[in-house]
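Asker: Dropping the structure in here first, questions after.
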Amino acid sequence: MSQLIRSVLDSIFASQAWNSIFRHGIPRDRRTRVMAVMSNLFLHLHPVAVRKSGIRLSFTWCMGGLTFFLFLAEAITGVLLMFYYRPVPEYAFSDIIALRSHVTLGVLREIHRWGAHAMIIAIWLHMMRVFLTGSYKPPREFNWGVGVILLVVTMLLSFTGYLLPWDQLAIWAITVGSNMGKATPFFGMQGPFTDMVMLPGGVPLVTTKSDAAYILLAGTSVGENALMRFYVLHCIALPLAAATLIAVHFWRIRKDGGISGPL
Amino acid sequence: MAAGISTLASGGGGELLTGPAIDAFKDAVNAMSVPEVSLPFFFMPVFILMLVGYRQWTKPLVAGALLVVFCVGYFGSMLIDRDYLAILVKPDNVPITIMLLSVSGCLWLAFRQAALNDAKTKAGLPITDEAADTKVLVWPDLVYTELICIVIASAALLIWSIGLPAPLESPANPAGPPNPSKAPWYFLGLQEMLVYFDPWMAGVILPGMIVSGLICMPYFDTNPKGNGYYTLAERKFGITVWLFGFLILWVVLIVFGTFLRGPNWNFFGPYEYWDSHLQVPLTNINLSDYFWNGKELIGFGMNKALPANAMVRELPGILFVAFWVLLLPPMLARTVMRKRFATMGAARFYIMAIHLVVMGLLPVKMVLRWLLTLKYFVYLPEYNLNL
Ligand code: HEM
């Protein structure tokens, strides 16, 4: 039996197809292990060798990696959810109900929702570990800045997604949040100094139909335009922004000399 | 939330453990949990002890005992109070429990290693040993660790998702806001700040300055030590300020906002029933009232009608804010932060100092609210400018 498996495996490893995909043998010795990392686009995010202190779990808590894992999990379940969900008030709520009862593997929405909460927690913890190890100090100042923008984008992703189920929890949570827009200095109807923003001749520039909250919601309250706007932000704009920034973030980790460690 | 509230409306009863001793305990905890007691007399001392005693409490046995005490109090309370149970198990509140536990666990990991590292440094030993400094191949050492993490994380996420249904309430009704209306929990620190500041501050300026402050932080911190390893002794100032912001002004405020704020944003102790008919009279008083009318309010000072001119009326508040934001930074530069000022240069120092004093404005406003029921330093509704 084991003879048979061995010979099947050997013929697979010797085949033209296998060798066109993996241009090295089984990673068993130093040369093939180095090749395994170098000749794979995804593994190639890593250097071939790293300092042991940097990859100790007690050092990074694997929190950056976990954040990335959750981002991928969100992307995959998010695409699946998009098959079943229509971002208009008539359908949004009932589509969410249908997800639970009609769709095989009815925990899709659960994975997506709890994954989002978990990602928020993981990114805070990642930031805390980067802070407490002083890893934002030179030469990594810029990558810390990229991280902060990622933090904002991640929180906005969660925030825009919160509206989509179109239930009471959703619209009122988003109402509380977007009401802040109304209070923006200079640009919000209820904010300080907004009266001073005017065209020559005293025509007010900021009105209920042009203030910061209106731009966010495409309306004076959370309605169908806001739902569409949040949907597009949530499914397209913000994920693209996050993916781009994550690419920069990872590239900079390597350019800055890999994971930090005592000098 | 509707489901949560309807459970709460039961008004307690049916707990597993009851009795006069437990009632007395609940009343005491409820009374002590109000922010003006718990922040200065519980959370701040715990925070300071965490920093000062990091060599002691991080010892595995001590930390384990602390964890047990925390869990008994946090989860055990579910047995003695229905209202507490209802809040804690509300689906969207479950992540907060996970957050609190994981932040605590990670703080332990960090401070434990800081204690060990600082002891080595003190003894003149290098922090890393040879073994840690050697290079290892990414395949297999890192790739396998990552694989194991992915498997564990997937399993955890699946179990969580199968075990806890995502919340869905009644369909959106633009005419019927729930009371209280709450933002998602990770923004509740900001919503809680609305108690102390108007939306333009709590919702726009403060979050904006949190982001700008974080981005600029690597340029504020000119201390070259502690780069790439856990330490406290070598970075006391930076770590204290940052953790004060994160733990006290962010995490603790989230706990207040989610667990302890009920209808009309009234404060309720952890074992208190969220009574939506409760009316809390607001007696908040502006700084200008105190200034012009102090005789009547606190027994000394002037006894005048408020000046008709808004700018004159608010002059004391405007002067205070101008002092706080414009004068305090240069005063710091000339006194306690003289060295920092010299190494950083003027521009960098003042950007940092502005962030520090604005952050400090929040605790100052909190204390003044508790002591004097102060509402606004500056009250200029004519310009929507209340601070
Ligand atoms: C979507 C969000 C993010 C992802 C996927 C991510 C991912 C990662 C990963 C995988 C690492 C490698 C080391 C580790 O796992 O700790 C890392 C390092 C780093 N991250 Fe992030 N991160 C994110 C957000 C942030 C945030 C919010 C910050 C800070 C505000 C930040 C700052 C840094 C810095 C400075 C490093 C280098 C640390 C070192 O060399 O020790 N990142 N990130």
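Asker: Reachable aspartates and glutamates from B:Lys295, Cα under 18 Å, same-chain residues fewer than 8 places away excluded?
Answerer: B:Lys295 reaches B:Glu314.
Asker: Of the options A:Met128, A:His102, A:Ile55, report the single residue whose Cα projects farthest towards the positive end of the charge dipole of chain A (beta-carbon charges: Lys, Arg +1; Asp, Glu -1).
Answerer: Of the candidates, A:Ile55 comes out farthest on the positive side.
Asker: Sort B:336-349, B:264-277, A:168-181, B:102-115 by packing, meaning the average of other beta carbons within 10 Å per residue, with the highest value first. Working shown, then result.
Answerer: Details: B:336-349: 13.6, B:264-277: 17.4, A:168-181: 22.9, B:102-115: 19.3.
Final packing ranking: A:168-181, B:102-115, B:264-277, B:336-349.
Asker: For peptide A:142-154, what's the mean number of Cβ atoms from other chains within 10 Å of each residue's Cβ?
Answerer: Numbers: counts 2, 1, 6, 6, 1, 2, 8, 3, 0, 3, 5, 0, 1.
Taking all residues of A:142-154 together, the mean is 3.
Asker: Mean separation of Cα pairs under 8 Å and 6+ residues apart, divided by the residue count of chain B: what relative contact order is that in percent? Walk me through the intermediate numbers first.
Answerer: Numbers: 320 pairs, mean separation 81.0, N = 387.
It rounds to 21 percent for chain B.
Asker: P(r) for segment B:245-387, please, calculated from all Cα pair distances in 5 Å bins and given in %.
Answerer: Pairs per bin, as whole percents: 2, 8, 12, 15, 15, 14, 13, 11, 6, 2, 1, 0.
Asker: Please give the calculated 222 nm ellipticity per residue for chain B, where each DSSP H segment of at least 4 residues contributes -39500 (n - 2.57) and the sum is spread over every residue; nearest 500 deg cm²/dmol? Provide the component values of the computation, followed by the final result.
Answerer: Working: 20 runs with 220 residues, N = 387.
The per-residue figure over chain B is -17000 deg cm²/dmol.
Asker: Below 8 Å, C-alpha to C-alpha, sequence gap of six or more: please give me the relative contact order for segment A:59-163 in percent. Please report the intermediate quantities before stating the final value.
Answerer: Details: 60 pairs, mean separation 36.5, N = 105.
Averaging sequence separation for qualifying contacts and normalising by length gives 35 percent for segment A:59-163.
Asker: Next question, about the same structure. For segment A:132-222, just run the numbers: alpha carbon Rg, then divide by 2.2 N^0.38 Å, N being how many residues it has. Display every interim value, and only then the final one.
Answerer: Numbers: Rg = 18.0 Å, N = 91, 2.2 N^0.38 = 12.2 Å.
Rounded to two decimals, the normalised Rg is 1.47.
Asker: Taking every residue in B:204-212, how many Cβ atoms of other protein chains lie within 10 Å of its Cβ, on average?
Answerer: Numbers: counts 11, 4, 0, 3, 1, 0, 3, 4, 1.
Whole-number average of other-chain Cβ neighbours for B:204-212 is 3.
Asker: Taking 31 Å as the cut-off for C-alpha to C-alpha distance, list the pairs among A:Lys182/B:Lys236; A:Lys52/B:Lys236; B:Lys26/B:Lys90; A:Lys52/B:Lys122; A:Lys182/B:Lys26; B:Lys120/B:Lys365 that go past it. Please report the intermediate quantities before stating the final value.
Answerer: On the way: A:Lys182/B:Lys236 40 Å; A:Lys52/B:Lys236 27 Å; B:Lys26/B:Lys90 21 Å; A:Lys52/B:Lys122 24 Å; A:Lys182/B:Lys26 40 Å; B:Lys120/B:Lys365 42 Å.
Exceeds cut-off: A:Lys182/B:Lys236; A:Lys182/B:Lys26; B:Lys120/B:Lys365.
Asker: How big is the charge dipole of segment A:59-163 about its Cα centre, in debye rounded to the nearest 20, if each Lys and Arg gets +1 on its Cβ and each Asp and Glu gets -1 on its Cβ? Walk me through the numbers on the way to the answer.
Answerer: Working: 7 positive and 5 negative charges, 46 e Å.
Once rounded to the nearest 20, the dipole reads 220 debye.
Asker: Right, here's the next one. First check a/c for segment A:1-41, with a ≥ b ≥ c the square roots of the eigenvalues of its C-alpha gyration tensor; if it is under 1.5, answer rounded, and if not, answer prolate when a/b is larger than b/c or oblate otherwise. Intermediate results must be reported in sequence, preceding the final value.
Answerer: Numbers: a/c = 3.71, a/b = 1.75, b/c = 2.12.
Note, shape of segment A:1-41 comes out oblate.
Asker: With unit charges on the beta carbons (Lys and Arg positive, Asp and Glu negative) and the dipole taken about the Cα centre of chain B, which residue among B:Trp265, B:Phe291, B:Ile205 sits farthest to the positive side?
Answerer: Farthest towards the positive pole: B:Phe291.
Asker: In peptide B:228-240, how many Cβ atoms from other protein chains are near each Cβ within 10 Å, on average? Don't skip to the end; give the middle numbers.
Answerer: Details: counts 15, 10, 7, 4, 1, 0, 1, 4, 0, 0, 4, 3, 0.
Counting other chains' Cβ atoms within 10 Å and averaging over B:228-240 gives 4.
Asker: Size of the dipole of the protein assembly as shown about the Cα centre, Lys and Arg at +1 and Asp and Glu at -1 on the beta carbon, nothing else charged, in debye to 20? Please report the intermediate quantities before stating the final value.
Answerer: On the way: 47 positive and 36 negative charges, 497 e Å.
The calculation lands at about 2380 debye.
Asker: Something else: Could you please state, rounded to a whole Å, how far the C-alpha centre of segment B:48-81 is from the C-alpha centre of segment A:1-35?
Answerer: Taking the Cα centre of each part, segment B:48-81 and segment A:1-35 sit 52 Å apart.
Asker: Let me spell out the model: positive unit charges on the Cβ of Lys and Arg, negative unit charges on the Cβ of Asp and Glu, origin at the Cα centre of chain A. What dipole size does that give, in debye rounded to 20?
Answerer: Values: 22 positive and 12 negative charges, 291 e Å.
So the magnitude is around 1400 debye.
Asker: As a test of understanding, state the convex hull volume per residue of the protein assembly as shown from its alpha carbons, in Å³.
Answerer: Each residue corresponds to 227 Å³ of Cα convex hull volume.
Asker: What is the distance in Å between the Cα centroid of segment B:301-321 and that of segment A:59-74?
Answerer: 54 Å
Asker: To continue, here is another question. In what sequence, highest mean first, do A:94-103, A:217-226 appear when ranked by Cβ atoms within 10 angstrom? List each step's numbers first, then the result.
Answerer: Working: A:94-103: 14.8, A:217-226: 17.0.
Packing order, densest peptide first, comes out as A:217-226, A:94-103.
Asker: Apply the membrane-span-like helix rule to chain B: whole DSSP H runs, Cα extent along the own long axis of at least 15 Å, mean Kyte-Doolittle hydropathy at least 0.5. List the helices found. Can you show the working numbers first?
Answerer: On the way: long enough: B:20-32 (18 Å, 0.35); B:60-80 (29 Å, 2.15); B:94-122 (42 Å, 0.76); B:143-163 (30 Å, 1.99); B:206-220 (20 Å, 1.59); B:346-372 (36 Å, 1.56).
What comes out of the filter, once short or polar helices are dropped, is B:60-80, B:94-122, B:143-163, B:206-220, B:346-372.
Asker: Scanning chain A for helices, which whole DSSP H stretches are 15 Å or more long along the axis (Cα) and average 1.0 or more by Kyte-Doolittle? Mind showing how you got there, number by number?
Answerer: Details: long enough: A:2-14 (18 Å, 0.88); A:63-82 (28 Å, 1.87); A:89-102 (20 Å, 0.00); A:108-132 (35 Å, 0.75); A:141-163 (34 Å, 1.53); A:168-182 (21 Å, 0.56); A:238-255 (25 Å, 0.85).
For chain A, where a helix must reach 15 Å along its axis and average at least 1.0, the hits are A:63-82, A:141-163.
Asker: Continuing with this model, one more query. Show log10 I(q)/I(0) for chain A at q = 0.08 Å⁻¹, two decimals, from a solvent-free Debye sum over equal Cα scatterers.
Answerer: -0.51
Asker: Additional query: Between segment B:186-261 and segment B:120-185, how far is it from one alpha carbon centroid to the other, in angstrom?
Answerer: Centre-to-centre (Cα) distance: 20 Å.
Laboratory data are not the source of any read-out in this text; all were calculated from the coordinates shown. In this text, all values refer to a predicted model and were calculated from it rather than measured experimentally. Neighbour counts run over all protein chains shown; Cβ positions are idealised from the backbone, glycine included.
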